[in-house]
Amino acid sequence: MVYKKYFVLIIYLFFIIGCYDEIINKEVEVIRFEKEFYNSSNNELNNVINMYPYLFPNQFPKSVWITKKNDSLELELFKKSEDVFENFNFNSKKLHLIFDNANEFIKGFNSPNLITLINKGRIEDRVIFSDSLLFISLNFYLGSNYYPELPNYISNTMDKKYIFNDIAYKISENYVSYDDDRTLLSVMIYNGKLLYLNKQLNPDENNSIIFKTTKEKINWAESNEFEIWNYFVENELFFNTDFSLRSRFISKAPYSKFNLDIDKKSPGSIGMWLGYKIVDSYMKSNKININQLLNTDHYTIFKESKYKPKSK
């Protein structure tokens, strides 16, 4: 079963190559694939392939990996990553706190090994968690200034300060099931569960990092919590099945779309933030643990959350 999952992962990432770096301590092994791969000669590449055969699908000849290793764009990304991550401690206290909390809160969790690499895939997959392995694509964390072609609300999150929280989020994503009954509420509570678990794993992180927005926009949401809640209630949005609501309030965006003058002051994905608030209220109002939360349906959470912010 483990090898089957590795195979699916390999096909998905396609050209991921790796190597062993060192065991930093007894808890977490950090494997720096990109260093060994891009620094290897064509002859030394055989050693890498022999050491990690499951990362090199047999249907691709060695010439494919040589071409990849000498690709000018990949070499540029690798060299930039060398500069950005020269003194970066992947095996930090924050990582251990996330893993320790996951072991405490999540039934069946085992701390994975970290594998860093250069992967020209999707930004949504810059961290991939599978069984005992956690892949981190460094080329998506080179600093916002490195991606001038991207809008600010995306490039601002492409910084190494997001790595550990992205790890916490991906771990959370692996344990929260998606029960979509087409209502906006179901996707709000799903994302609320994700963010709640994310925050439990990484409790000391800034909310602006967790919700991937600016401090100013988080402050705006907190200051206008009652008005946001009231807007959803008055417009009967919670049980609405119109999919366009997801693009307005759930999808990544520079701001949420209330179709009001204040829109640009709001953070994007305000529905996810509101879903988190409802889940947080539910957990404070009910004596249950996280594993029980993960098995509770969205309607029960909404009904028993007692969430109703006060007007200021």
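The values are calculated or read from the model by the stated rules, or taken from the named source; none is laboratory data. Only a predicted model underlies this, so the values are computations on that prediction, with no experimental measurement involved. Neighbour counts are summed over all protein chains in view; Cβ atoms, including those assigned to glycine, are modelled from backbone coordinates with ideal geometry. Keep in mind that these areas ignore ligands, DNA and RNA; they rest on the heavy atoms of the full protein, side chains included. Shrake-Rupley method; radii C 1.70, N 1.55, O 1.52, S 1.80 Å.
Among the candidates 77, 97, single out the residue that is touching an Asp or Glu at 6+ places or on another chain (Cβ under 9 Å), part of a helix (DSSP H, G or I) and closer than 30 Å to residue 292 by Cβ.
On the way: 77 fails: closer than 30 Å to residue 292 by Cβ.
Answer to the selection: 97.
Please name all residue pairs, on different chains or six or more residues apart, with Cβ atoms under 9 Å, provided the first residue is in the stretch 42-62 and is in contact (Cβ under 8 Å) with a residue 12 or more places away in the chain and more than 18 Å from residue 117 (Cβ to Cβ) and the second residue is in a loop (DSSP other than H, G, I, E, B) and among the hydrophobic types (A, V, I, L, M, F, W, C). Partner pairs satisfying both residue conditions: 62/56.
Which of the residues spanning the stretch 139-161 are in a helix (DSSP H, G or I) and touching a residue at least 60 places away in the same chain (Cβ under 8 Å)?
Restricting attention to the stretch 139-161, the residues satisfying the condition of being in a helix (DSSP H, G or I) are 139-140, 144-146, 152-155, 160-161.
Correct list: 139, 146, 152, 153, 154, 160.
Say whether the condition of being closer than 24 Å to residue 259 by Cβ, open to solvent by 30 Å² or more (accessible area, probe 1.4 Å), modelled with pLDDT under 95 and not charged (D, E, K, R) is met by at least one residue in the stretch 272-285. Checked against the condition, which is being closer than 24 Å to residue 259 by Cβ, open to solvent by 30 Å² or more (accessible area, probe 1.4 Å), modelled with pLDDT under 95 and not charged (D, E, K, R), the stretch 272-285 yields no hits at all. Looking only at residues of the stretch 185-232 that are under 21 Å from residue 168 (Cβ atoms) and free of Cβ contacts under 8 Å to residues at least 12 places away in the same chain, we find that the one that is farthest from the chain's Cα centre (by Cα) is 215. Filtering the stretch 172-184 for residues that are open to solvent by less than 40 Å² (accessible area, probe 1.4 Å) and more than 18 Å from residue 283 (Cβ to Cβ) leaves a non-empty set.
Under the condition of being among the hydroxyl-bearing types (Ser, Thr, Tyr) and either out of contact with any Pro (no Cβ under 9 Å at 6 or more places or on another chain) or at pLDDT below 95 (or both), the residues counted in the stretch 234-264 number 4. As for the stretch 187-202, it holds at least one residue that is among the polar types (S, T, N, Q), open to solvent by 10 Å² or more (accessible area, probe 1.4 Å) and closer than 30 Å to residue 235 by Cα.
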